[in-house]
Amino acid sequence: MAGLAERQTRFLADLIAIRSYTGQEGPAVERTLAELRAVGCDEVWRDSAGNALGRVGHGPRLLLYDAHLDTNEVADESEWPHPPLQPTVENGVMFGLGASDCKGGVAAIVYAAALLKALKLEGEFSVVVMGATLEEDAEGFALRSLVERDGLRPEAVLLAEATNLSLRRGQRGRCELRVRTTGRAAHASQPHLGESALLKMLPVIQALEAMNPGLPAHPVFGPSTQVVSLIEGPHTPNSVPSWCEVAVDRRMAPGESLASVLGGVQAVVGPLGASARVPDQPVRTHTGLALDGPSFFPGWFLEDGHPLLASGLAAGQALWGRAPEVGVWRFSTDGTYSAGAAGIPTLGLGPQEEQYVHAANDQVDLEKVRQAALFYALFPLFYVS
Ligand SMILES: [Zn+2]
């Protein structure tokens, strides 16, 4: 397998050297498609939203392995120990932009496909490997497109985001709400002729903050929270403001829906003369497709004893002689769509470490990338048995 390990490292270095900010993933997608062909996938394609996909196996039980190709943007290059797009290996660790989020994960799942082919591991399963797009700005949107537009229906999803080779069984959700008051504009020299939307907003902000102790709670994630994070109005300092809008950042327990969140907020702000909505997030793929949708990212949690979780524990036990730890993510992932919206059982395991995600010392341990590939290659055997 030494040959495969070297090829995996080279592939990861190539991916890091390709800039792939959200919505500009085209060259990284092409590079991933070339690697999926080179490792011998039975089918390789780019879907309508521009995700890179490769399938191995012909069995009826379909597993999807997802890791995203887009990275967040470099804020200050001078803080980086090495140039962000110049992959550098030191002591078995590769440094570079996206190493930990999430290109190390892409290298792991693509080389799981390589291992499945090289070792002729076959069974009642098929595995589709997805080099996903759009995750940093609109997690889940590209995966939703693959499932709902292109009709790929996996029975389970594995996410190769950062977990340091432990298992992740869920995440909190998040959404943005917009709450608006309206008044009547008038010249600021005669304010009695107008009605200030800003003054109407004051009790609304207090009411939104006061909702916090009553929000739903989850035994693992704790209580949901919301924060009034932004306030806007007309940019006319010499007028009584005719409208005022605040943004509310809401973090949600699994099980909260768009209807339940919006309904709860509307019930509080409606009697104060305000209205609430969940805005649409504008999303455009690198192929030019518009995928705008509500800025709503539900949470999810895989329950104890679920076969997907049990298979992850068994595969880890077989590989490492001990069951991997099980936890939840602090950040949001494509699981917000697969598990949160579509109800497809979802589990996380990745070689990367959370401490390096979106950090200037972005890095991934190459031995962990190899171990994650082994895990992903073994996983289907445990899952279907
Ligand atoms: Zn990520």
Has the stretch 115-124 got at least one residue that is assigned to a helix (DSSP H, G or I) and within 16 Å of the ligand (Cβ to nearest atom)?
no
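Do we find a residue being of a type outside the set (D, E, K, R) and at positive phi anywhere in the stretch 307-325?
Yes, the stretch 307-325 has at least one match.
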Quick check: is even one residue across the stretch 276-287 in a loop (DSSP other than H, G, I, E, B) and without any contact (Cβ under 8 Å) to a residue 40 or more places away in the chain?
yes
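Within the stretch 153-168, count every residue that is in a loop (DSSP other than H, G, I, E, B) and within 13 Å of the chain's Cα centre (by Cα).
So the answer is 3.
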In the stretch 49-80, what residues are away from the ligand (no atom under 16 Å from the Cβ), in a loop (DSSP other than H, G, I, E, B) and modelled with pLDDT of 95 or more?
Ala49, Gly50, Gly57, His58, Gly59, Pro60, Trp80
List pairs: first residue in the stretch 183-200 and more than 10 Å from Ser239 (Cβ to Cβ), second residue part of a helix (DSSP H, G or I) and not small (Gly, Ala, Ser) anywhere in the structure, Cβ distance under 7 angstrom, at least six positions apart or on different chains.
Gly183/Lys200
Whichever residue in the stretch 125-134 is crowded, with 24+ Cβ neighbours inside 10 Å and farther than 18 Å from Asp280 by Cβ and, among such residues, is nearest to the ligand (Cβ to nearest atom)
Ala132
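May I ask you to list the residues in the stretch 300-327 that are under 22 Å from Gly255 (Cβ atoms) and touching a residue at least 24 places away in the same chain (Cβ under 8 Å)?
First, the residues of the stretch 300-327 that are under 22 Å from Gly255 (Cβ atoms): 300-309, 326-327.
Scanning the stretch 300-327 gives Trp300, Phe301, Leu302, His306, Pro307, Leu308, Leu309, Val326, Gly327.
A quick yes/no check of all residues on (1) under 17 Å from Trp45 (Cα atoms); (2) in contact (Cβ under 8 Å) with a residue 60 or more places away in the chain:
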position: Asn91; (1), (2): no, no
position: Gly98; (1), (2): no, yes
position: Gly131; (1), (2): yes, yes
position: Arg172; (1), (2): no, yes
Would you pick out the residues in the stretch 85-101 that are assigned to a strand (DSSP E or B) and either within 15 Å of Ala67 (Cβ to Cβ) or among the aliphatic types (A, V, I, L, M) (or both)?
Val89, Val93, Met94
Considering only residues that are within 14 Å of the ligand (Cβ to nearest atom) and within 15 Å of Leu53 (Cα to Cα), look in the stretch 140-157 and name the one that is surrounded by the fewest Cβ atoms within 10 Å (Cβ to Cβ).
Ala142
Here are Asn91, Asn72: which of them is in the same structural domain as Val147 (by TED's automatic domain parsing), within 15 Å of the chain's Cα centre (by Cα) and farther than 21 Å from Val157 by Cα?
Asn72
Given (1) within 16 Å of the ligand (Cβ to nearest atom); (2) under 25 Å from Ala247 (Cα atoms); (3) not aliphatic (A, V, I, L, M), where does Arg180 come up short, assuming only one miss?
(1)
Provide a single number: the residues in the stretch 12-44 that are crowded, with 20+ Cβ neighbours inside 10 Å and not in a helix (DSSP H, G or I).
7
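The values are calculated or read from the model by the stated rules, or taken from the named source; none is laboratory data. Since this is a predicted model, take the numbers as computed values, not measurements. Positions of Cβ are backbone-derived with ideal geometry, glycine not excepted, and every protein chain shown enters the neighbour counts.
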